[in-house]
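Notes follow once the structure below has been shown.
The values are calculated or read from the model by the stated rules, or taken from the named source; none is laboratory data. Just so you know, these numbers come straight off a predicted model, no measurement behind them. All Cβ positions, glycine included, derive from the backbone under ideal geometry; neighbour counts span all protein chains shown.
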Amino acid sequence: MTEPRLKASLLVQAILRRYDLEAIPAYIRRKGDPDAGTVILKIALGPQDAMLLGQARDAEGRAGWLRLGGERIREADAEAAIAKAISRDPDVYVIEVEDGKGRVLVEGPLL
């Protein structure tokens, strides 16, 4: 059985607030469906590298985050993955974080 799902707009606001508390720049790059959208988190590690995380669920239905493309990917590859995700699901939110340390400040395990 899956856990209850938090509305996407509330999750996005919680993520932005968490980064704000650490004084790390984060913003909504693309708004999706406020109720049922999924979230992609892009952490810009520098001008050429990024980390990309997407909402996912494990085999038991628990919410977590999946690394998309590995621990560190090229900026162009991250942008291509985001564009592909948007073409598959137009309801997706995209949050961008600028943090060279690559801090992942979201609730849930990395899957």
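A few points about this structure:
- Identity of the residue in the stretch 1-25, of a type in the set (A, V, I, L, M) and touching an Asp or Glu at 6+ places or on another chain (Cβ under 7 Å), that ends up nearest to Ala80 (Cα to Cα): Ala8
- Any hit, the stretch 11-30, residues being at pLDDT below 95 and assigned to a strand (DSSP E or B): no
- Note on the stretch 70-82: residues that are assigned to a loop (DSSP other than H, G, I, E, B) and either in contact with a Gly (Cβ under 9 Å, 6 or more places away or on another chain) or touching a residue at least 60 places away in the same chain (Cβ under 8 Å) (or both) amount to 2.
- Residues (surrounded by 14 or more Cβ atoms within 10 Å (Cβ to Cβ), of a type in the set (D, E, K, R) and not in a loop (DSSP other than H, G, I, E, B)) located in the stretch 83-99: Glu96, Glu98
- Among (1) surrounded by fewer than 19 Cβ atoms within 10 Å (Cβ to Cβ); (2) part of a strand (DSSP E or B) - the single one Leu53 does not satisfy: (1)
- Test result for Arg74, modelled with pLDDT of 95 or more and over 12 Å from the mean Cα position of the chain (by Cα): yes
- Matching residues in the stretch 56-82 - criterion: being over 21 Å from Leu11 (Cβ atoms) and surrounded by 13 or more Cβ atoms within 10 Å (Cβ to Cβ): Gly69, Arg72, Ile73, Glu75, Asp77, Glu79, Ala80
- Qualifying residues in the stretch 31-50 (those that are surrounded by fewer than 15 Cβ atoms within 10 Å (Cβ to Cβ) and of a type in the set (D, E, K, R)) - the one nearest to the chain's Cα centre (by Cα): Lys31
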